[in-house]
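Heads up, the thing below is written out as structure tokens.
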Amino acid sequence: MDYLFYNELSDSSRGKAEGKNLFEELKEFYPDLQLKSVQEVNPGEFIASCTEEDNVILAGGDGTLNHAINLLGSTPVKCHLLFRSFGTGNDFFNDVADKQDPKTKLVPLNEYIKDLPTIEVKGKTYRFINGIGFGIDGDCCVEAERLKAEGAKEINYSNITIKLLFGPFKPRKATVTVDGVTQTFEKVYLASAMNGRYYGGGMNIAPDQKRGSGLLTSVVIHGKGKLGTFMMFPSIFKGKHVKDKKHVSVLQGKEITVTFDVPCGLQIDGEVVEDVTTYKAYVK
């Protein structure tokens, strides 16, 4: 059988209409397609129950993927799992767009969810498919969630970041340990741990990171003033920021621990954890 899972809350709650439109589009290729909502059916339990003869399509953004992989946990996936991008966050798709089927625009997902990295933060454990943002990017996501809770329909992450940068955000002192080697950085604006290249809605934060390599990449932006850091941000979308080796440190390893001297927001594939002092990310 063939199934399409969509997230009603994706793309600023336009996901329900988009899911139904996608259902009509994909029926040309999957005549027996059935439509299901992640709000109504647990996608982890459902996918775990499927067989090699089933096709399951996940439609949405990075948050939809994060939700599904954490519900699945380490359960083996027997079905053919596919992904169709829509919504406001599509950093996974940015990373694997060349793998999509030109007709259906679906991306095979099975290989990308094997042996996913893990983050431990505030006593809890999560898997992630794209990356961890810690610093101003995490605080930006915290503020975005606050605005959504107040009823905002459109969220401009760039505007939020600028307001934080020239407003309440204060760079931290950070210690970053990668495979047992510790470095200390002053005036840190962000300290990520990446499984893919992209996060934050198209920021190519770790341009040399390769999925499936068995390594994570930590990118630490540090040492500049606020204006200089602001001037750097446009280059991140093109992955050019890494040329500034004085203020951008790129570290690779299997285990990354980051500790700030003052708590900050953290995001996991766009999902928010507030008031974080330290996290550990690793691949087995």
Among the listed residues Lys210, Lys173, which satisfies the condition of being charged (D, E, K, R), touching a residue at least 12 places away in the same chain (Cβ under 8 Å) and either under 25 Å from Lys238 (Cβ atoms) or surrounded by 12 or more Cβ atoms within 10 Å (Cβ to Cβ) (or both)?
Lys173
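Using the structure shown, decide if Lys187 is in contact (Cβ under 8 Å) with a residue 60 or more places away in the chain, part of a strand (DSSP E or B) and of a type in the set (Lys, Arg). Spell out how you get there, then give the answer.
Numbers: in contact (Cβ under 8 Å) with a residue 60 or more places away in the chain: no; part of a strand (DSSP E or B): yes; of a type in the set (Lys, Arg): yes.
For Lys187, the condition - in contact (Cβ under 8 Å) with a residue 60 or more places away in the chain, part of a strand (DSSP E or B) and of a type in the set (Lys, Arg) - is not met.
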Extreme residue, surrounded by the fewest Cβ atoms within 10 Å (Cβ to Cβ), among residues of segment 251-273 that are under 12 Å from Phe134 (Cβ atoms) and not hydrophobic (A, V, I, L, M, F, W, C):
Pro263
Can you tell me which residues in segment 46-63 are assigned to a helix (DSSP H, G or I), at pLDDT 90 or above and open to solvent by 20 Å² or more (accessible area, probe 1.4 Å)?
Phe46, Ala48, Ser49
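Just one of Lys238, Lys246, Lys170, Lys224 is touching a strand residue (DSSP E or B) at 6+ places or on another chain (Cβ under 9 Å), farther than 21 Å from Leu266 by Cβ and assigned to a loop (DSSP other than H, G, I, E, B); which is it? If you could, list the steps in order and put the result at the bottom.
On the way: Lys238 fails: touching a strand residue (DSSP E or B) at 6+ places or on another chain (Cβ under 9 Å); Lys246 fails: touching a strand residue (DSSP E or B) at 6+ places or on another chain (Cβ under 9 Å); Lys170 fails: farther than 21 Å from Leu266 by Cβ.
Sole residue among the options that is touching a strand residue (DSSP E or B) at 6+ places or on another chain (Cβ under 9 Å), farther than 21 Å from Leu266 by Cβ and assigned to a loop (DSSP other than H, G, I, E, B): Lys224.
Pick from Lys240, Lys226, Lys246: which is without any contact (Cβ under 8 Å) to a residue 24 or more places away in the chain, over 15 Å from the mean Cα position of the chain (by Cα) and under 24 Å from Lys170 (Cβ atoms)?
Values: Lys240 fails: under 24 Å from Lys170 (Cβ atoms); Lys226 fails: without any contact (Cβ under 8 Å) to a residue 24 or more places away in the chain.
That would be Lys246, the only listed residue that is without any contact (Cβ under 8 Å) to a residue 24 or more places away in the chain, over 15 Å from the mean Cα position of the chain (by Cα) and under 24 Å from Lys170 (Cβ atoms).
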If you take the residues in segment 97-115 that are surrounded by 19 or more Cβ atoms within 10 Å (Cβ to Cβ) and not in a strand (DSSP E or B), which one is farthest from the chain's Cα centre (by Cα)?
Leu106
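Any idea which of Leu58, Leu65, Leu82, Leu109 is touching a residue at least 60 places away in the same chain (Cβ under 8 Å) and under 22 Å from Gly212 (Cβ atoms)?
On the way: Leu58 fails: touching a residue at least 60 places away in the same chain (Cβ under 8 Å); Leu82 fails: touching a residue at least 60 places away in the same chain (Cβ under 8 Å); Leu109 fails: touching a residue at least 60 places away in the same chain (Cβ under 8 Å).
Of the residues listed, the single one that is touching a residue at least 60 places away in the same chain (Cβ under 8 Å) and under 22 Å from Gly212 (Cβ atoms) is Leu65.
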Spot the failing condition for Ile129; the list is (1) in a loop (DSSP other than H, G, I, E, B); (2) crowded, with 23+ Cβ neighbours inside 10 Å; (3) in contact with a strand residue (DSSP E or B) (Cβ under 6 Å, 6 or more places away or on another chain), and only one is missed.
(3)
Yes/no for Lys153 being open to solvent by 70 Å² or more (accessible area, probe 1.4 Å), of a type in the set (Lys, Arg), under 19 Å from His247 (Cα atoms) and in contact (Cβ under 8 Å) with a residue 24 or more places away in the chain
no
Gly200: modelled with pLDDT under 95 and open to solvent by 20 Å² or more (accessible area, probe 1.4 Å), yes or no?
yes
Just one of Thr161, Thr229, Thr182 is farther than 30 Å from Leu9 by Cβ and open to solvent by 10 Å² or more (accessible area, probe 1.4 Å); which is it?
Thr182
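Look through Gly123, Gly135, Gly73 and report the one residue that is open to solvent by less than 10 Å² (accessible area, probe 1.4 Å) and either in contact with a Leu (Cβ under 7 Å, 6 or more places away or on another chain) or over 19 Å from Leu22 (Cα atoms) (or both). Let's see the steps before the verdict.
Values: Gly123 fails: open to solvent by less than 10 Å² (accessible area, probe 1.4 Å); Gly73 fails: open to solvent by less than 10 Å² (accessible area, probe 1.4 Å).
Exactly one residue qualifies, and that residue is Gly135.
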Could you tell me whether any residue of segment 199-214 is assigned to a strand (DSSP E or B), within 18 Å of Lys246 (Cβ to Cβ) and either among the hydrophobic types (A, V, I, L, M, F, W, C) or out of contact with any Phe, Trp or Tyr (no Cβ under 8 Å at 6 or more places or on another chain) (or both)?
no
Here are some residues: Gly73, Gly61. Which one is of a type in the set (Gly, Ala, Ser) and in contact with a Phe, Trp or Tyr (Cβ under 8 Å, 6 or more places away or on another chain)?
Gly61
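The values are calculated or read from the model by the stated rules, or taken from the named source; none is laboratory data. Not measured: the values here are computed from a predicted model. All Cβ positions, even for glycine, are placed from backbone atoms using ideal geometry, and neighbour counts span all protein chains on display. Ligands, DNA and RNA are excluded from the accessible area calculation, which covers all protein heavy atoms including side chains. Shrake-Rupley method; radii C 1.70, N 1.55, O 1.52, S 1.80 Å.
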